[in-house]
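Since the structure comes first, as structure tokens, the remarks are kept for the end.
The values are calculated or read from the model by the stated rules, or taken from the named source; none is laboratory data. Since we're looking at a predicted model, the values are computed, not measured. Neighbour counts run over all protein chains shown; Cβ positions are idealised from the backbone, glycine included.
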Amino acid sequence: MKQHAPATARNREPLAAILDQELPRSGLLLEIASGSGEHAIYFAGRYPGLEWQPSDPSREALASIAAWRADEGTPNLRAPLYLDTQMRDWPISRADAILCINMVHISAWEATEGLFAGGQALLASGAPLVLYGPYLEADVETAPTNLAFDENLKARNAQWGLRQLSSLDSLAESRGFARTRRIEMPANNLTLVYRKA
């Protein structure tokens, strides 16, 4: 029942170095597209002052998160929620921060539109919405591995693929967010921090 994502062990420490600077010390963090649940296990343990709310639209992922939580969870790790960002009504009414790792390129663009719409509804002014993953930038040469990854994603699903950072920034702005940080990460990924105006 437990799923395993090898990338989690590789990216959690570099990502945590950024989250240490960006997340509130207390409150409720909503993790979107929690996948296997391994990030949730690790980060909930690292940030005991935060209530960590994992979520995912996949029933298999929800079962994996629940299994990891049962075996290794901490008191501040909540039971996972079914959440598809394209839903009109989310099963949560507020959050102090949102984290979304590796979803934007492995979903339809409408899922990212829903992510920012939901963030606009849930977050207070100044609260962070943090994204992690590979992106395309007009003024930055794309790594060959990312180009190949983009082709692979589009071959698997025509609605998937690496997104232009400029498109993401425009979407964020339309929902009342401004990008405050862009951090280069290992394996040609970026961490992007948006904050609600």
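Structure data summary
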| read-out | value |
| --- | --- |
| Scope segment 14-32; condition part of a helix (DSSP H, G or I) and either closer than 22 Å to LEU83 by Cβ or touching a Cys at 6+ places or on another chain (Cβ under 8 Å) (or both); matching residues | LEU15, LEU19, GLU22 |
| So LEU129, is it in contact with a helix residue (DSSP H, G or I) (Cβ under 8 Å, 6 or more places away or on another chain), aliphatic (A, V, I, L, M) and not in a loop (DSSP other than H, G, I, E, B) | yes |
| Checklist (1) touching a helix residue (DSSP H, G or I) at 6+ places or on another chain (Cβ under 9 Å); (2) part of a helix (DSSP H, G or I); (3) among the small types (Gly, Ala, Ser); (4) closer than 24 Å to ASP96 by Cα applied to ALA178, failing item | (2) |
| Considering residues of segment 56-80 that are touching an Asp or Glu at 6+ places or on another chain (Cβ under 8 Å) and more than 18 Å from MET1 (Cβ to Cβ) only, the residue surrounded by the most Cβ atoms within 10 Å (Cβ to Cβ) | ARG78 |
| Qualifying position, being surrounded by 14 or more Cβ atoms within 10 Å (Cβ to Cβ), within 17 Å of CYS100 (Cβ to Cβ) and free of Cβ contacts under 8 Å to residues at least 40 places away in the same chain, among LEU165, LEU171 | LEU165 |
| The lone exception for ASN11 - which of (1) among the polar types (S, T, N, Q); (2) at pLDDT below 95; (3) outside any helix (DSSP H, G or I) it fails | (3) |
| Whichever residue in segment 119-140 is free of Cβ contacts under 8 Å to residues at least 60 places away in the same chain and crowded, with 16+ Cβ neighbours inside 10 Å and, among such residues, is farthest from LEU162 (Cα to Cα) | GLY133 |
